[in-house]
């Protein structure tokens, strides 16, 4: 998973437990991806909570298909919302051109990760014991928001998380700037993250919604937009593909740009 996908995969909602739990989708949005100010693709991200099973699930689909890019990545990461987001299962798929380059299917039980990874047609069995506090990296902001300190300016955090594209347990660090950034009517936290690749920067609402992500070393940027058409800009994706991944075609209207 690229650093852009990872950083956006951290989106969550601060007022989780005050929401009506019958509404399972907590966040859903489309992001426009660009490099050197040229459109290269899009990302769709959804976070949801199953009130009955108390499972927190992140689903992500990224398609880069312009200006020299031809790749697709998707994953689903499921965690136990009632047990400090202990990981439950993870599936991941990467495609370049028309060739599947990597798939991952793992489950977690009793702090042990087991499953398989297939990369360039080579299968690797996975069996790894994990520390008690291990979690999937896509749930990082949710964990921080649940913590005693919360997300606040002028603070740093060290952490260990499982990469969705590895899967591997790695060290990470976030650094939150001293001042908020004003963007239109929004007051945003500026966060730098070092984790599993080049450093990247986010602008994040106090509810944990990532508005933008920038990876300086690659000049790749992603920005939350208000409609699918703004993100896709003519890139085609079959409705059946999205339905298979998300269960339906995301409208992208459960985020700060569509708040009531």
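Computed from the coordinates by the stated procedures, all read-outs in this text should not be read as laboratory data. Because the structure is predicted, anything quoted here is derived from the model rather than measured. Don't worry about glycine lacking a Cβ; one is built from the backbone with ideal geometry, like all the others, and counts go over all protein chains shown.
Quick notes
- Between residue 249 and residue 183, the distance separating the two model label sites (each 7 Å from Cα on the Cα→Cβ line) works out to 2.7 nm.
- When 212, 219 are sorted by how many other C-beta atoms sit within 10 angstrom of their C-beta, beginning with the fewest, the order is 219, 212.
- Per residue, the chain reaches -2500 deg cm²/dmol at 222 nm when only DSSP H runs of four or more residues are counted, each adding -39500 (n - 2.57).
- Short to long, the 10 Å bins of the Cα pair-distance histogram for the chain hold 7, 32, 39, 20, 2 percent of all pairs.
- Here the calculated FRET efficiency for residue 109 and residue 158, from their Cβ-Cβ distance with R0 = 22 Å, stands at 0.25, rounded to the nearest 0.05.
- Those residues of the stretch 77-92 whose amide nitrogen sits under 18 Å from the label point placed on residue 52, 7 Å along Cα→Cβ: 79-82
- Taking each residue as 0.36 nm, the span from residue 133 to residue 217 lengthens on full extension beyond its C-alpha to C-alpha distance by 27.2 nm.
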